[in-house]
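See below for the structure under consideration.
What follows draws every value from the coordinates through simple rules; no lab data is involved. These numbers were taken from a predicted model, which means no experiment stands behind them. Counting neighbours? That spans all protein chains shown, and the Cβs are built from the backbone with ideal geometry, glycine included.
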Amino acid sequence: MKERDRLADILRRRGLRVTPQRLAILSFLDGNTDHPTAEDIYAAVKAQHPAISLNTVYKTLEAFEEADLVWRFRAGQKHKSHYDPNSRTHPHVVCTRCGSVDDLPDDGENLQADAEKSLPDGHHDVLRVEVCVVVGLCEECDDHDE
Ligand SMILES: [Zn+2]
Ligand SMILES: [Zn+2]
C-alpha cells in the first residue's frame, strides 16, 4: 500500500475526512517520538504546504485528539501543549530548562494497572495515565552548562 493510502486509511477509519493538510500533518506525526508542539508541526508542514495556516493546524490537531489519533499533554515550565501519536500510557521525562519531552523506557502497563486497582467503585476503565517526570536538565542543556 502506498504511504498516502495508508495514512488516508487511518483517517477514514477514525471517521475523519481526508484532506491534503490532514495527510501532511498525520505524515509528520506518524511514528514521531519528538513530542512536537503545534508550532513545531506548523513549521514542518508549512515547508511542503506554504498555504497552510496555524489555525488549520490547531483545528486538525483538535480533530485528531478527539479521534484519539494523538494524545495532547501539557509539559515544561511554559506548559505548552505537546502532541504524541503514541496514545497508550507511557511516562514522559521533561527538562525544566528547555521543556524538551522524551519517552521513558517504560510501557506504562504497571501505571495503568495500579490506577485501575485504585479506582473508586462505579468508575470505568482507565483509558490512559498521564505521567510527566520532571528532571533538572536534559542532556543537551546539561552540555551547555559545562
Ligand atoms: Zn533541556
Ligand atoms: Zn511520548
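Quick one: which of 3-10, 61-68, 22-29, 121-128 comes out on top by average Cβ neighbours within 10 Å, and what's the full order, highest first?
22-29, 61-68, 3-10, 121-128
Apply 1/(1 + (r/R0)^6) to the Cβ-Cβ distance of Leu54 and Asp142, taking R0 = 41 Å, and write down the FRET efficiency to the nearest 0.05.
My answer for the efficiency is 0.80.
Could you give the length gained on full extension between His123 and Arg88, defined as 0.36 nm per residue of separation minus the Cα-Cα distance, in nm?
10.7 nm
Antiparallel as a % of all DSSP beta bridges within the chain, to the nearest 5?
DSSP beta bridges in the chain are roughly 65 percent antiparallel.
Can you return the aspartates and glutamates within cross-link range of Lys59? Criterion is Cα-Cα under 18 Å, with same-chain partners fewer than 8 residues away left out.
Reachable aspartates and glutamates: Asp30, Glu39, Asp40, Asp68, Asp84.
Can you bin every Cα-Cα distance in region 1-50 into 10 Å intervals starting at zero and give me the percent of pairs per bin, rounded to whole numbers?
25, 52, 23, 0
When you have a sec, figure out the Kirkwood radius of region 1-86 from all distinct Cα pair distances and drop it here in Å to one decimal?
13.0
Tell me the label-point distance for the pair Glu116, Ser81, using the 7 Å Cα-to-Cβ offset, in nm and rounded to one decimal.
Label-label distance for Glu116 and Ser81, simple model: 2.9 nm.
Report, as a whole number in µm² per second, the diffusion coefficient that Stokes-Einstein gives for region 88-146 at 4 °C and 1.567 mPa s using the Kirkwood radius over alpha carbon pairs.
After rounding, the answer is 99 µm²/s.
Just to verify a number: FRET efficiency for Glu62 and Thr33, C-beta to C-beta distance, R0 = 25 Å, to 0.05?
So the FRET efficiency works out to roughly 0.70.
Out of every Cα pair in the chain, what percent are spaced more than 26 Å from each other?
That tail contains 34 percent of the Cα-Cα pairs.
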